[in-house]
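First the structure, in the form of structure tokens, and then the observations on it.
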Amino acid sequence: MRRAARSHFSFDVALDFAVGWNILFGPSGSGKTTILSSIAGLLRPDSGRITLAERVLFEQATRVDLPPDH
């Protein structure tokens, strides 16, 4: 679960992507770009955990926050 707050916008999301192609869709302003930017390391979530293939990219509790180039 991650929480991202941007001035007037806050959401909680839990995602589990399958191997291969995945599509993230929703109405304008629903947080698609925020989710992708968080996964890419361009935005730092306020809390939560982001993993990719068992590798922790971000975890607020343990203060892991890998830069985008990692």
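The values are calculated or read from the model by the stated rules, or taken from the named source; none is laboratory data. Treat the numbers as computed from the prediction; the structure is a model and nothing was measured. Ligands, DNA and RNA are excluded from the accessible area calculation, which covers all protein heavy atoms including side chains. Shrake-Rupley method; radii C 1.70, N 1.55, O 1.52, S 1.80 Å.
Could you please state how large a percent of the accessible area of the chain is carbon and sulfur, counting protein chains only and using a 1.4 Å probe?
57 percent
Select from S37, S47, S28 the residue whose mean-square fluctuation is largest in a Gaussian network model of the chain (Cα-Cα springs shorter than 10 Å).
S28
Roughly how many Å² is the accessible area per residue of the chain, as a whole number, for a 1.4 Å probe?
77 Å²
If you take the square roots of the eigenvalues of the alpha-carbon gyration tensor of the chain and sort them as a ≥ b ≥ c, do you get rounded (a/c under 1.5), prolate (a/b over b/c) or oblate?
oblate
Considering the chain as a Gaussian network with a 10 Å cut-off on Cα pairs, which listed residue, I23, I39, I50, attains the greatest mean-square fluctuation?
In the Gaussian network model the winner is I23.
Run the helix sum for the chain: -39,500 (n - 2.57) per DSSP H stretch of 4+ residues, divided by residue count, reported at 222 nm to the nearest 500 deg cm²/dmol.
Per the formula, -3500 deg cm²/dmol.
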